[in-house]
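Okay, so here's the structure we're looking at.
The values are calculated or read from the model by the stated rules, or taken from the named source; none is laboratory data. This structure is a prediction, so every number in the text was calculated from the model and none was measured. Reconstructed Cβ throughout: ideal geometry from the backbone, glycine too, with neighbour counts over all protein chains shown.
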Amino acid sequence: MKYEIMPAEGKLGILMPGLGAVATTMIAGVEAIKKGLSKPVGALTQMGNIRLGKRTENRYPLIKDFVPLTDLNDIVFGGWDVYKDNVYEAAMNAKVLEAEILNAVRPELEALVPMKAVFDREFVKNLDGTNIKHEETKYQLALALMGDIQHFKNSNQCSRLVMIWCASTEKYMPPCEIYESVESFETALQDNDPRIAPSMIYAYAAIKMGVPFVNGAPNLTCDIPALIELAKEYNVPIAGKDFKTGQTLMKTIVAPGLHARALGIRGWFSSNILGNRDGLVLDDPDNFKTKEVSKLSVLEEILQPDVNPDLYGDLYHKVRINYYPPHGDNKESWDNIDIFGWMGYQMQIKINFLCRDSILAAPIVLDLALFIDLAQRAGMSGTQEWLSFYFKSPQTAPGLKPEHDIFKQLIKLQNTLRHIMGEDLITHLGLDYYQELVEAL
Ligand SMILES: NC(=O)c1ccc[n+]([C@@H]2O[C@H](COP(=O)([O-])OP(=O)(O)OC[C@H]3O[C@@H](n4cnc5c(N)ncnc54)[C@H](O)[C@@H]3O)[C@@H](O)[C@H]2O)c1
């Protein structure tokens with residue numbers, strides 16, 4: 001049965017708290033693509049194909065030709081930042097893209113000026129911008145954000161909006177009672193409770209305005225019972241958390257392969273150096289703690305040491321991130337993996353990934369914006385687990401363990417698309433038509 005999906009008519013506004021390296025690289029890329037100057041490499045929504053039906057049918061359409069997604073020409077951008085730089089200036093400062101390409105889309109980028117941010121240095125010590133809202137309470141800050149959202153929608157004549165958190169990683173916050181229900185959360189907003197992070201105020205404002213919310217950082221943000229409940233109440237899809245790029249992307253590609261062949265792993269030591277503003281923020285131990293929690297859970301969930309104690313029971317897993325300014329956005333990561341095979345014989349794998357963080361993150365932001373908008377038009381609300389493919393620490397339904405294996409995540413994403421479009425799900429069994437092929441010989 002096919003879902004009733006509203007057509008992607010009119011403009012889609014993509015609103016981003018945080019117009020830093022990731023957001024500006026995404027925006028500049030989309031503007032360059034619209035002018036035919038570049039291609040959307042890495043974006044499944046633009047360049048990915050999907051198989052439909054049996055292999056004998058040879059149906060492999062582009063995903064964008066299969067599901068009704070917003071056309072890139074119908075997207076408008078907006079956002080908030082604690083610094084006043086317009087998107088052209090911010091992209092030049094981020095030094096991810098060359099001046100030549102940024103100059104080719106300069107008027108479009110210069111027109112994007114950040115709105116005043118909801119910011120609290122208690123959550124991000126290493127930033128000190130001045131483009132900040134001041135209100136009596138956190139509840140009033142939320143109302144001010146709702147005003148921004150409405151104003152943006154009217155002035156850009158958008159028919160739909162989505163919000164994607166591309167701002168800095170906030171300090172680690174353990175779950176607590178004020179996050180437990182909408183009621184306790186709203187009381188805490190009125191009381192200016194110090195445990196309510198700015199990212200939660202953005203998520204609250206978005207959901208109350210019926211705007212889907214995606215969390216690209218490892219902060220809890222919308223991954224708390226209060227906001228999950230609110231999203232269900234307002235029929236809004238939400239997803240998070242922490243874009244899966246760089247080292248964790250590699251980890252969730254390699255670990256399922258070793259696990260699939262029943263090879264043992266004794267140790268996995270991961271270190272990173274990066275020199276962008278994200279690296280500066282993560283240099284603070286409180287902010288690193290948030291990232292560390294997000295990165296560490298990946299291996300445990302893929303390898304399941306409790307189910308496979310002989311192979312993974314003694315696994316030692318460590319993650320280090322160091323701020324190293326000379327590398328800028330060009331993060332370098334090293335992984336040392338100690339594995340063992342037949343009769344316990346030891347082997348080693350070394351991975352040295354010279355990646356570009358924002359180049360890997362930008363297409364993820366675009367895909368998430370287009371897919372969460374699709375989810376809303378298809379009437380899906382609450383946590384969108386089928387988007388786990390894009391996250392280091394995927395949000396799931398309460399009590400469910402997240403799926404980290406990138407291949408299972410892809411199958412889930414593709415089957416969700418097939419499901420909402422009324423196509424057969426693919427099990428990769430194939431026995432039915434193998435037999436037909438053999439008999440036809
Ligand atoms: N690049 C990647 O591969 C990657 C992967 C996973 C997660 N992330 C996360 O994505 C986020 C963005 O990364 P980035 O490299 O663009 O960082 P960045 O430091 O370049 O940009 C973040 C921007 O957010 C702004 N900001 C901070 N707090 C804000 C607030 N409360 N409201 C509005 N703006 C605020 C900062 O001023 C900054 O301009 C970070 O949280 C990072 O951890 C990035």
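Test each condition in (1) over 30 Å from Val293 (Cβ atoms); (2) aliphatic (A, V, I, L, M); (3) near the ligand (Cβ under 10 Å from one of its atoms) for Leu109 and report the one that comes out false.
(3)
Among the numbered conditions (1) at pLDDT 95 or above; (2) within 17 Å of the chain's Cα centre (by Cα), tell me where Lys350 comes up short.
Every listed condition holds for Lys350 apart from (2).
I'd like to verify a number: residues in segment 90-106 that are part of a helix (DSSP H, G or I) and within 16 Å of the ligand (Cβ to nearest atom), how many?
6
Which condition from (1) part of a helix (DSSP H, G or I); (2) out of contact with any strand residue (DSSP E or B) (no Cβ under 8 Å at 6 or more places or on another chain); (3) crowded, with 24+ Cβ neighbours inside 10 Å is the one that Ala203 breaks?
Condition (2) is where Ala203 drops out.
Which numbered condition trips up Gly36, out of (1) at negative phi; (2) surrounded by fewer than 18 Cβ atoms within 10 Å (Cβ to Cβ)?
Result: Gly36 fails condition (1) only.
Is one or more of the residues making up segment 41-60 among the basic types (Lys, Arg), away from the ligand (no atom under 16 Å from the Cβ) and farther than 25 Å from Ile420 by Cβ? Steps first, answer last, please.
Residues of segment 41-60 among the basic types (Lys, Arg): 51, 54-55, 59.
If we keep only those that are away from the ligand (no atom under 16 Å from the Cβ) as well, we get 51, 54-55, 59.
Filter again for farther than 25 Å from Ile420 by Cβ, leaving none.
Checked segment 41-60: no residue is among the basic types (Lys, Arg), away from the ligand (no atom under 16 Å from the Cβ) and farther than 25 Å from Ile420 by Cβ.
If I filter segment 373-399 down to residues being farther than 16 Å from Val298 by Cβ and of a type in the set (A, V, I, L, M, F, W, C), which single residue comes out as surrounded by the fewest Cβ atoms within 10 Å (Cβ to Cβ)?
Ranking the qualifying residues of segment 373-399, first place goes to Ala397.
Go through (1) touching a strand residue (DSSP E or B) at 6+ places or on another chain (Cβ under 8 Å); (2) modelled with pLDDT of 95 or more one by one and return the number of the condition Asn235 breaks.
For Asn235, the exception is condition (1).
Residues of segment 156-204 being among the small types (Gly, Ala, Ser) and within 12 Å of the ligand (Cβ to nearest atom), which ones? Walk me through it before giving the result.
Here is the first cut: in segment 156-204, the residues among the small types (Gly, Ala, Ser) are 159, 167-168, 181, 184, 188, 197, 199, 203.
Hits for segment 156-204 are Ala167, Ser168, Ala197, Ser199, Ala203.
Looking at (1) at pLDDT 95 or above; (2) farther than 27 Å from Gly13 by Cα; (3) under 17 Å from the mean Cα position of the chain (by Cα), which is the only condition Gly246 fails?
Unmet for Gly246, out of (1) at pLDDT 95 or above; (2) farther than 27 Å from Gly13 by Cα; (3) under 17 Å from the mean Cα position of the chain (by Cα): (1).
When only residues in segment 309-319 that are more than 23 Å from the chain's Cα centre (by Cα) and surrounded by 15 or more Cβ atoms within 10 Å (Cβ to Cβ) count, which is nearest to Gly275 (Cα to Cα)?
Ranking the candidates gives His317 first.
Return the residue satisfying two criteria in turn: it lies in segment 320-338 and is touching a residue at least 60 places away in the same chain (Cβ under 8 Å) and under 23 Å from the mean Cα position of the chain (by Cα), and of such residues it is farthest from Ile359 (Cα to Cα).
Asp335
With the structure loaded, tell me whether Ile33 is more than 30 Å from Gln150 (Cβ to Cβ) and more than 16 Å from the ligand (Cβ to nearest atom) or whether it fails that test.
Criteria not met by Ile33.
Can you tell me which residue in segment 43-91 is farthest from Ser168 (Cα to Cα), limited to those that are touching a strand residue (DSSP E or B) at 6+ places or on another chain (Cβ under 8 Å) and charged (D, E, K, R)?
Residue satisfying both the conditions and the ranking: Arg59.
Enumerate the strands (runs of 3 or more DSSP E) found wholly within segment 225-335, keeping only those where 1 or more residues are within 16 Å of the ligand (Cβ to nearest atom) and assigned by TED's automatic domain parsing to the domain that holds Tyr390. Spell out how you get there, then give the answer.
Numbers: elements: 237-240, 264-274, 316-323.
Correct list: 237-240.
Inside segment 339-372, can you point out the residues that are surrounded by fewer than 22 Cβ atoms within 10 Å (Cβ to Cβ), in contact (Cβ under 8 Å) with a residue 60 or more places away in the chain and of a type in the set (D, E, K, R)? Lay out the reasoning, then the answer.
Taking segment 339-372 and keeping what is surrounded by fewer than 22 Cβ atoms within 10 Å (Cβ to Cβ), we get 339-356, 359-360.
Applying the additional criterion that residues be in contact (Cβ under 8 Å) with a residue 60 or more places away in the chain yields 339-341, 344, 346, 349, 351, 353, 355-356, 359-360.
Listed by number, the list holds a single entry, Arg356.
Given the criteria among the small types (Gly, Ala, Ser) and under 30 Å from Leu311 (Cβ atoms), does Ala226 qualify? Let's see the steps before the verdict.
On the way: among the small types (Gly, Ala, Ser): yes; under 30 Å from Leu311 (Cβ atoms): no.
In short, no.
If you check every pair at least six apart or on different chains, which have Cβ atoms under 9 Å apart with a residue in segment 405-419 that is within 16 Å of Asp65 (Cα to Cα) first and a residue that is in a helix (DSSP H, G or I) and among the basic types (Lys, Arg) second?
Qualifying pairs under 9 Å: none.
Would you confirm whether or not segment 175-194 contains a residue that is in contact (Cβ under 8 Å) with a residue 60 or more places away in the chain and in contact with a helix residue (DSSP H, G or I) (Cβ under 9 Å, 6 or more places away or on another chain)?
Checked segment 175-194: no residue is in contact (Cβ under 8 Å) with a residue 60 or more places away in the chain and in contact with a helix residue (DSSP H, G or I) (Cβ under 9 Å, 6 or more places away or on another chain).
How many of the residues making up segment 118-168 are touching a Leu at 6+ places or on another chain (Cβ under 6 Å), in a loop (DSSP other than H, G, I, E, B) and either crowded, with 20+ Cβ neighbours inside 10 Å or among the acidic types (Asp, Glu) (or both)?
Adding up the residues that qualify gives 2.
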